[in-house]
Each structure stands twice: as C-alpha cells, then as structure tokens.
There are 2 protein chains.
Amino acid sequence: MSDTAGTRLDRQIAFLNEADKLKSTIRATELCDKSRYENSAEHSWHLTLYALVLADQAGPDVDINLVIKMLILHDLVEIDAGDNPIFGDHDIADMEAQEQAAADRIFGLLPADLRVELRTIWEEFEAAETPSAKFAKSLDRFQPPMQNLKSGGGSWTDFNVTEAQIHERVGAKINIGAPALWDYARDLIADFFAARPRL
Amino acid sequence: MSDTAGTRLDRQIAFLNEADKLKSTIRATELCDKSRYENSAEHSWHLTLYALVLADQAGPDVDINLVIKMLILHDLVEIDAGDNPIFGDHDIADMEAQEQAAADRIFGLLPADLRVELRTIWEEFEAAETPSAKFAKSLDRFQPPMQNLKSGGGSWTDFNVTEAQIHERVGAKINIGAPALWDYARDLIADFFAARPRL
C-alpha cells in the first residue's frame, strides 16, 4: 500500500486487521493447564498484566506506561518472522534481519506519524538499553518459567533443558531489569529440578 | 487464600497464573481469517493495540494510558462468568452479579493495595461514566464488527443478526465514546449487508 492509499482510518484499520495474525503465531510455552501452546497475542496480553501487577519491581527510572506499550508491540514482527524459542538454535543476525524487514512491512501499513511513533517504541524495546526496555525485556523472560512451573516443565521438557541453561539463557536476562524476580524464579526452578525424576 | 498467605510476590504470581485461564475463555467473534473463535486474552491484547493506534479518536479528557489499563483488565471476570455475546440473550442483573462475584474472587488473590488499585480501574470501566471508560467501551464494541467484516460475517451470521440490530446494540455504544469510528463502521456494515445474499 502506498503512503497515500486510503484514508487515515483505512490505514489504521488495515494495520489492526493485519495484527490479528499474531493470534496465529504459536510459541514454545504451554498454557498453565497444559491444554495447548500459547500464541504470541495472548502472551503479549499476559505480559501487559505482568507489568501492571509487578510495577513495584521496576526501578525509579522505569516508565510503566511505556513498558506496557512496548509489551503490546514487542512481538508484532513475529507475524512475518515467527517466534524463535529461547532454547532453540538460531542465526541471530538472520533473525534480526527478518525482524527488521517485518517491522518495515507491518509498521509501514500505518500513517507516517503513527509508523514513526510505534516503530520508535519497538526499537527502544529491541535495543534493551533504557531502564524501561530492560524491565520490559525482563518480564518477557520471566513469564515463560512461571508457565513452565505450572505446566510441569513445558518448553524445558520439550527442549531437554538443564537448570544451568535456564540460568544462562533466561536468568541472566531477568536479572538485568528485575533482580528480585530472578531470585524468586531461581528458587522455584531449583525446587522443580530437585523434585523431577532424572531423565 | 487468606490476606496473609504467602509473600507479596507469591500473591502477585498466583493472580498472574490464575489470569492465564482467560486464554481459554472463548468469544463469539472469529479471527479475521475465520480459522477459529477468538479468546478473551488475545481479544484484550488486540484492544490495547486499538487504543494505541486509534488514540487520535479519543476526546481531550481521555487518559489513553488509563484506557489501556482498563482494556488489559476488562475481561478478567470472564474467567468465572464466561463471555456474554452481545447478540445473545442474557439476564443483565444475573450477569452483573456473576461478574461482581468473579471480581471479588480474582482481584482478591492480589495483595490489598493492588487489589484496590486494579479493581478501581475495572469498576471505572464497568460504570462507563468517565471519558476514558466511555472511549474504552467504544473500542470494545468497535473491534468485533471489524473482525466480522473480514471473516465474512462471523457472529452476525451465527446469531442471524440484522443491520438494524447492529445499529441498536453496537452502533449506539460505539457512538458514545468514538462517533467517527461508528460513522466508519456504519458505512462498511451497510456495504456488507447490501452485498450479502438474502438469507
């Protein structure tokens, strides 16, 4: 669609209709009741609720309203690029190139002012440099372990993950923006692995 | 759980784990590609994106960050009370009583300060009296028609709905908080019904 196709509202609605596809992007994490795998749209909603409920874990420089906006937008590029499970093997440079191309296309559906506004929020999240982005990234890493603990292992079982790998790939990242949440998760994860039969 | 059971974080996580069940509450609206019915968690995410993208439709007294919080929380009571399709027949008083009991139980999982904070936001949405609540309610009514137009009828077909019923049950409510969105939807709905074969 060119920059001038349709009215402003046509372009806003075209973007919102395209975003509907995120409900069909499947993640590696199961629902707590193990009934099915989670999709990226409902995951994004759950993370915004994490931000509301765990705002007291954010440092003083975190803007929680901005964190929520980041979490609403953070997975939209997966409509084209798909979800990359944290315990899978990916070519990072290739994945980032795919996500940038997806951002060009998907945010490109919007009128110019909104395209810049929302792309800027997503880029801030991706860069993970500001206090708000670090906190948002930590929540994004913290939710899957909470689900795995409820569903009896979830992606840890599917990917045959060790406790040390969780510390390295997940814990280190939760710890950057929300250290008390990593302390909390680490203890529950230790209990889970101690109680689990050896594979 | 009593007010003193577990640590603060235990209670916050218990609430967030309970909220996971909203991913299993099925709505009457289909996804745009007609592949399945939408659940209330992904619907809630989609609405927060509607608020971000359509913020220019909000009046000057609307606090868009508060609107987003309302939309994150607005359907949580459906975990217990279920979704009530707008074209279905419901006993309104019975439905409201069920939703209040659900709010008591679900928000009651939280520490007292958060329980009050989030319940207050949900009650403001439910009352639909403030500018922010009216705008949030209008978005909640505006998204299903957009999906139905893409999926070829969706809940309109399932419930054998007339154009006049959409004006009455949906349009009037969109019009309260977002009149230009109702103008937009009304024209698209007129085109849809004009093109549809008579049932």
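Rule-based calculations on the coordinates, nothing more; no lab input. All figures in this text were calculated on a predicted structure; none of them were measured in a lab. Cβ sites come from the backbone with ideal geometry, for glycine too, and all protein chains shown count toward neighbours.
Quick check on chain B: helices-only [θ] at 222 nm, where DSSP H runs of length 4 and up contribute -39,500 (n - 2.57) each and the sum goes over total residues. Nearest 500, please.
-19000 deg cm²/dmol
Once you charge only the Cβ atoms, +1 for Lys and Arg and -1 for Asp and Glu, what is the size of the charge dipole of region B:5-195 about its Cα centre, to the nearest 20 debye?
With Lys and Arg at +1 and Asp and Glu at -1, about 400 debye.
Under a Cβ-only charge scheme (Lys and Arg +1, Asp and Glu -1), can you give me the dipole magnitude of the protein assembly as shown about the Cα centre, in debye to the nearest 20?
520
Could you give each residue of region A:99-108 its phi-based ³J(HN,Hα) in whole Hz, using Karplus coefficients 6.51, -1.76, 1.60 with θ = phi - 60°, and x for Gly or Pro?
Residue by residue, region A:99-108 yields 5, 5, 5, 5, 4, 4, 5, 6, 5, x Hz.
Across 5 Å bins from 0, what is the distribution of all Cα-Cα pair distances for chain B, in whole percents?
Using 5 Å bins, I get a P(r) of 1, 7, 15, 18, 20, 16, 11, 6, 3, 2, 1, 0, 0 for chain B.
Sort out for me the Cα centre separation of region A:15-65 from region A:117-131, rounded to whole Å.
17
Just going by the charge dipole of chain B, with Lys and Arg at +1 and Asp and Glu at -1 on Cβ, which of B:Thr7, B:His90, B:Ala190 is farthest out on the positive end?
B:Ala190
If packing is taken as the average count of other Cβ atoms within 10 Å, what order do B:6-12, A:89-95, B:158-164 fall into, highest mean first?
Per-residue mean Cβ counts within 10 Å order the peptides as B:6-12, B:158-164, A:89-95.
If the reach is capped at under 20 angstrom between alpha carbons, list the lysines near A:Lys137, excluding any in the same chain fewer than eight residues apart.
By straight Cα distance, A:Lys137 reaches A:Lys69, A:Lys173, B:Lys69.
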